[in-house]
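Visitor: Below is the structure I would like to discuss, written out as structure tokens.
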Amino acid sequence: MRKPVWSGLVLCALLGCTGPKSSTGAEESQPPPATTESPAEAPPPGEPKAPAAADSAPRALQVTASPAPKDDIILKSVELQGDTLVARVMHSGGCKPHTYELLWSGGFQKSAAGEPQAELVLAHEANGDSCEALLNRTASFDLGPLKQRWREQNKSEHGAVELRFAGSQLTGRYTF
């Protein structure tokens, strides 16, 4: 009698742990600021992999007087695809939807070589998610506001800006 009861409790506990994973479907049905993906979770055989962030509309870069990070996030890589910045990030969570914003003060600095630079902040909003799963996500951002500001200040259609990211050693060169 003990063995079936114990087995039933273990089975219920295991099924209960899978509950939050089913709620991630609701996260994807809401209009998220960036497409998310988790490389750790492979699709079933014969089923295509989820689309990359480039398949969804990127969020616009936000110009704000004092850009500051919110919740903890690790910027793993950045890639420029035309006017879109694709960032791969890692953070904890898994129980609530997370949002990402790319923030910029609106100003350009000069590097030691005299090249224009923009310091960007990737802000992560965890919405109070206290779950501890390690999540890998991809977020995409439209750099149009940065390009527009550069054009206004330099009176030229074409240019290049070195992108630096607060809290990270990663950089990118945005050419337009």
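Values in this text are rule-based calculations from the coordinates and carry no lab data. All values derive from a computational prediction rather than experimental measurement. As a convention, Cβ positions derive from the backbone with ideal geometry for all residues, glycine included, and neighbour counts pool all protein chains shown.
Visitor: Among T84, T175, which comes first, second and so on when ranked by fewest other beta-carbon atoms within 10 Å? Let's see the in-between values first.
Guide: Values: T84 16, T175 10.
By the 10 Å Cβ count, ascending, the order reads T175, T84.
Visitor: Classify the stretch 47-176: rounded, prolate or oblate, from the alpha-carbon gyration tensor (a ≥ b ≥ c, eigenvalue square roots; a/c under 1.5 rounded; otherwise prolate if a/b is larger than b/c)?
Guide: Prolate, since a/c reaches 1.5 and a/b exceeds b/c.
Visitor: In bins 10 Å wide, starting from 0, what share of all Cα pairs of the stretch 134-176 does each bin hold, as a percent?
Guide: Histogramming the stretch 134-176 at 10 Å steps yields 22, 47, 23, 7, 1 percent.
Visitor: Under a point spin-label approximation (7 Å from Cα along Cα-to-Cβ), what is the N154-T64 distance to one decimal in nm?
Guide: Result for the modelled spin labels: 2.6 nm.
Visitor: Could you work out how far apart the two model spin labels at D72 and E115 are, taking each label as a point 7 Å from the Cα in the direction of the beta carbon, and quote it in nm?
Guide: For D72 paired with E115, the spin-label model returns 3.2 nm.
Visitor: Treat each spin label as a single point 7 Å out from the Cα along the C-beta direction, and report the K96 to T84 distance in nm.
Guide: 2.9 nm
Visitor: Would you please put 106-114, 72-80 in order of how densely packed they are, using the mean number of other Cβ atoms within 10 angstrom per residue and starting with the highest?
Guide: Packing proxy ranking, top to bottom: 72-80, 106-114.
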